[in-house]
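Structure record follows, encoded as structure tokens.
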Amino acid sequence: MLDPIRKIGLSRFAQRLLAARPELAAELAAPAPFTRDEMLNALVASGDDSDARLSRSLRQLRNRVLLRVMARDLSGRAGLDEVCGTMTDLAEVAISKVLNEENLVVVGMGKLGGRELNVSSDIDLVFLYPGAADAQERYERAGRRLIRLLADPTEDGFVFRVDMRLRPYGDSGPLACNFEALERYFITQGREWERYAWLKARPLHGGGHAELDSIVRPFVFRKYLDYGTLAALRALHAEVRRDVARRELAEHVKLGPGGIREIEFIAQALQLVRGGRDPELRVRPTVRALEVLSQKSLLPESAARELADAYVFLRNLEHRLQYLDDAQRHDLPQDDEDRARVASMCGFSSWKEFYSRLQVVRASVSRHFEQIFAEPEAPEEPWPEHARLAALRASQRYAALPEESRRRLDRLMPALARAAQATADPEATLVRGVDLVEAIASRAAYLALLAEHPEALERVARMIGSSSWAAEFITRHPLLLDELLDDRLLYAPIDLGSLENHLRMQLAAARDDTERRMNILREMHQAQVFRLLAQDLAGLLTVERLADHLSALADLMLESCLEEVWRDLRGRHREKPSFAVIGYGKLGGKELGYASDLDIIFLHDDADERSQEVYARLAQRLNTWLSARTSSGMLFETDLQLRPSGASGLLVSSIAAFERYQEENAWVWEHQALTRARYCAGDRSVGEAFERIRERILRRKRDPEPLKEEILAMREKLHAAHPNNSSLFDVKHDRGGMIDIEFAVQYLVLGFSEKYPDLTGNLGNIALLRMAAGHGLIAPELAERCRNAYREFRRLQHGLRLNGARYARVPREQVSSETESVKALWRAVFNPS
């Protein structure tokens, strides 16, 4: 390590201070970090707390801290984090010492808020207080005293210069205002640049921090994806650059091209776009923000690393400029002596070598800045001639748009028409695209996303061109457009473990806001369904694999909803509920489609006398969380009629009551339903108890003929309930279709599980057909043909639903071989003679 005494000699400020107070040199020979406790102890040891004495103690402490920070920094003992953290600690200790028990809420803004304070920094403060406005004078008096004791220069210097211009209404506003006035200001007067200013805001003293956060957070972070912020930041930065040019500040390491401010702009803009939806992005320090943005693939890893390295380089340079004379400067020196000092402090042998490195760093920052903020070049183009487009342009909705939104729309529509031409049905794609754009036109953020990301527009055109259902889904949930920005994420395999962790984090951050938590679940589910849809349309998933993913996703949503509802439930009598959700039908068989409802029942195993009442309320509330329509839509439609005794039965049953019902009162069709039932969420021991009952019921000895008659009668009822008067074949309901396969398999399970217990496994119709053939119950060749028929029926049904078909019907000749195979299975199972 370098000699700290020699290195500190490069600072004229250090030379002057050591000449005046030579005893301070003793701290610099082997300088240790200046801790917060050491600062507090120094102030306690300074004697009485008169303002004059306190003023002197604070300034003398500040000089000691700055000298030791400088010595550790220049000798290679301290990194940027320690330098900034120590100066931030000093500011926080000084503020707390001056205010003592005064409950003035002091908010640190900018670098103080981010714990990134530089060595000769102003501190940006805002003074607030909870409660009524009539206490304003008292708090302003406390604030003026704080400013005086920190900022007034004396023979010992100053502690920190204080800048109060970020308070509501700036210099013309009151020095302190209450929380209510701050909220009113944000709603009525808050400007875009103030959102960036408040992004790093951090209360340092006083109470009411949670209340303050509830006011600041919605102002800074929008609930929706805020792509409009990129344009606003672009305009703000252009204004800064004009000011830089006017004042000839090209060599300004903070404001000049490729400077510190551009790195901060990159991090803050990307935080603001998504921070309303993702609490993990609401970090204050710039380097940490870059790390999180990289982890979430919102910034390429290489870009985040280059920007972080550039930030450290430029902040270190900023400190060395300020070490010269303890002045808040950011401009490069012009005289040779100071250039030599700065180059040496930065570890370079000459100014030329240093300046060459600086140029490389600034060029890197500027390159990344332009990549993120450069406005897409789009020549002025006329709208394509198309009746649907003409109607939109002539509409009142178009006329009522703000000028900027109309400009974006004018740029977007020709691009949409071009993207539609690359799809199989350009006409349908364009009409669906215009429907989508019309639905989002009033939300500038969504228009900005599509206008500024041509690749997202092309992807959305491909998806809506492939599927009318996809077009309706995106139009209903435009928030999903954000998923189109990154192919790597869109087509990446679903990672349920990671999703669950992310979901828990988001739900915890919204703990006190029920609707927000319900929306988080809906939006998370929609985003994952959308990714699966993209992979499905790209041919990356079979129908079976898709159904597995959708079913596992539904299980996760059920589990998460159950946890949230139980946590909120008044009168709950235990830490975790002895309660489980059982899935039937498509959920039970892991055959969910995109728009499938959930057939579910609720069971508990709890002897507490309060349990039935508590779990009935839990079940009712859980069903509401699943099926209520919020501002983010609905999670699932639910069907609870498969519970014991159907619609007239209790909403939730004890395991004992469920077992008794299945043993003594259930109809054969209810035992058929059990063949496709499984534990999905809740207490695993309750789920295991259900599985034991299910297996025992399915393995009962049954008389084949009465069983056959019951199943055939139920099949006739279903057939009558779904008449098909068309010339087409209904792949689900017509004879020789999917339901015939399902009923045949259910008969085999109920009729032969006593002899072949493995048939009770809820493995799906395709696997059970193979197993039945293995046991000699049907011919292997027939089983294989029916397995393929079932796959084909599911594929056809899926494709038709993706394009909005009400019924899954196809020309009969298209599936003639499949239907013949199924009819042969039906005869083999129900009429073998």
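Table for the structure above
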quantity: Complete set of residues in segment 109-151 that are modelled with pLDDT of 95 or more, in a loop (DSSP other than H, G, I, E, B) and more than 15 Å from Ala327 (Cα to Cα); calculated: Met109, Gly114, Arg115, Glu116
quantity: Scan of segment 557-589 for residues that are aromatic (Phe, Trp, Tyr) and either more than 30 Å from Leu546 (Cβ to Cβ) or in a helix (DSSP H, G or I) (or both), ordered by number; calculated: Trp566
quantity: Selected residue (criterion: farthest from Gly110 (Cα to Cα)) from residues of segment 277-313 that are outside any helix (DSSP H, G or I), open to solvent by 10 Å² or more (accessible area, probe 1.4 Å) and touching a residue at least 24 places away in the same chain (Cβ under 8 Å); calculated: Ser297
quantity: Where Ala805 falls short, out of the listed (1) free of Cβ contacts under 8 Å to residues at least 24 places away in the same chain; (2) over 46 Å from the mean Cα position of the chain (by Cα); calculated: (2)
quantity: Positions within segment 542-555 being touching a helix residue (DSSP H, G or I) at 6+ places or on another chain (Cβ under 7 Å) and crowded, with 20+ Cβ neighbours inside 10 Å, in sequence order; calculated: Leu546, His549, Leu550, Ser551, Ala554
quantity: Those residues of segment 519-535 which are open to solvent by 20 Å² or more (accessible area, probe 1.4 Å) and either over 14 Å from the mean Cα position of the chain (by Cα) or of a type in the set (Gly, Ala, Ser) (or both), in sequence order; calculated: Arg531
quantity: Residue match in segment 23-34 (condition: modelled with pLDDT of 95 or more and closer than 19 Å to Arg115 by Cβ); calculated: yes
quantity: Matching residues in segment 177-197 - criterion: being part of a helix (DSSP H, G or I), open to solvent by 10 Å² or more (accessible area, probe 1.4 Å) and not aliphatic (A, V, I, L, M); calculated: Glu180, Glu183, Arg184, Phe186, Thr188, Glu192, Trp193, Tyr196
quantity: Residue under evaluation Pro384, criteria (1) open to solvent by less than 50 Å² (accessible area, probe 1.4 Å); (2) under 33 Å from the mean Cα position of the chain (by Cα), criterion not met; calculated: (2)
quantity: So Leu490, is it under 19 Å from Trp469 (Cβ atoms) and at pLDDT 90 or above; calculated: no
quantity: Hits in segment 625-662 (condition: modelled with pLDDT of 95 or more and of a type in the set (S, T, N, Q)); calculated: Ser627, Thr638, Ser653, Ser654, Gln662
quantity: Selection from segment 37-80 of residues that are open to solvent by 20 Å² or more (accessible area, probe 1.4 Å), of a type outside the set (A, V, I, L, M), part of a helix (DSSP H, G or I) and free of Cβ contacts under 8 Å to residues at least 40 places away in the same chain; calculated: Asp37, Glu38, Asn41, Arg53
quantity: Residue in segment 760-767 that is buried (at least 18 other Cβ atoms within 10 Å of the Cβ), modelled with pLDDT of 95 or more and more than 28 Å from Ser467 (Cβ to Cβ) present; calculated: yes
quantity: Selection from segment 233-275 of residues that are of a type in the set (Gly, Ala, Ser) and open to solvent by 10 Å² or more (accessible area, probe 1.4 Å); calculated: Ala235, Ala238, Ala245, Ala250
quantity: Qualifying residue in segment 527-544 (condition: of a type outside the set (A, V, I, L, M, F, W, C), touching a strand residue (DSSP E or B) at 6+ places or on another chain (Cβ under 7 Å) and closer than 21 Å to Leu635 by Cα); calculated: no
quantity: Residue in segment 195-217 that is over 18 Å from Gly108 (Cα atoms) and at pLDDT below 90 present; calculated: no
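The values are calculated or read from the model by the stated rules, or taken from the named source; none is laboratory data. Predicted, not measured: the structure shown is a model, and the values here were computed from it. Virtual Cβ from ideal backbone geometry, glycine too; neighbours counted across all protein chains shown. Only protein heavy atoms, including side chains, enter the accessible area calculation; ligands, DNA and RNA are left aside. Shrake-Rupley method; radii C 1.70, N 1.55, O 1.52, S 1.80 Å.
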